[in-house]
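Participant: If you scroll down you'll find the structure; I have some questions about it.
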Amino acid sequence: MQTESPIKHYNLKLIEDFFYAGTSALLLSIIHLYPAYWFISVFALLPFLWRLTRANLSGSLVLGIILGACYCFVSSIQEILVSPWAFLHKLFLLSLIFSAFGIAVNRIKRYTGFNPIFVAALWLPLEYAISHYAHLSNIFTFSETDSTLLIKIASLFGILTVSFVVVLINSLILIALRRAVQALRSRATFPAKGDKRHFLPFKEIVLQRRCYYYPRRRAPPLPSGVHV
């Protein structure tokens, strides 16, 4: 029987990480470039968070780097020819910021589990660092003509409150999806028609049964008037 080589396994894992993180990066870039599609933010982080909840510490680091790099390339690709050093600076900062976010979520998940409030709270310093150090606008932006409700929330509580709520909704949807998947996987599988495999209803070690499990010898009832 041939076993999968470690290099092939690592390459496959890297491709899967790129798919999940790249999908979230693409959705975040659409929100950044086209604020009219702000409703995409409700599920934009789902692929990244789904993969992040299953990754170890090194995997969380790789996912953050991929997300930051892909987001930078899609949202700021035009800066490569205009100002390449500024683009490289932004690429480094975004990869660093998102990787720090991934590591922080991994550490919190290890000790407290996946907590939506903690994940949303960790996004706030990420937004601050992106806007003040990477010189990008907030990721979860919105159009003034298509999102009046978000404008009212932002005017009352601040723009970071909108980001907190959006990430919180993403995390709650992720928890609901995980529970739905677990419920589907835990359902008992019944043999299909024509299936020749043997399905045992339960497994029990006979030698560990108590004595009252075994029936004793019994005789037919005696006729009336007969005494032993």
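Derivation of every value follows stated rules applied to the coordinates shown; laboratory data play no part. If you're wondering where the values come from, they're calculated on a predicted model, not measured in any experiment. Don't worry about glycine lacking a Cβ; one is built from the backbone with ideal geometry, like all the others, and counts go over all protein chains shown.
Participant: Report Rg (one decimal) and Dmax (nearest whole number) for the range 6-186, counting Cα atoms only, units Å.
Facilitator: Expressed in Å, the Cα Rg and Dmax of the range 6-186 come to 16.4, 55.
Participant: Something else now. What is the P(r) of the range 1-54, as percent of Cα-Cα pairs per 5 Å bin from 0?
Facilitator: Final binned percentages: 4, 20, 20, 17, 13, 10, 7, 5, 3, 2, 1.
Participant: Estimate the FRET efficiency between Y111 and L14 by the formula 1/(1 + (r/R0)^6), using the beta-carbon distance for r and 35 Å for R0, to the nearest 0.05.
Facilitator: Once the sixth-power term is evaluated, E becomes 0.80.
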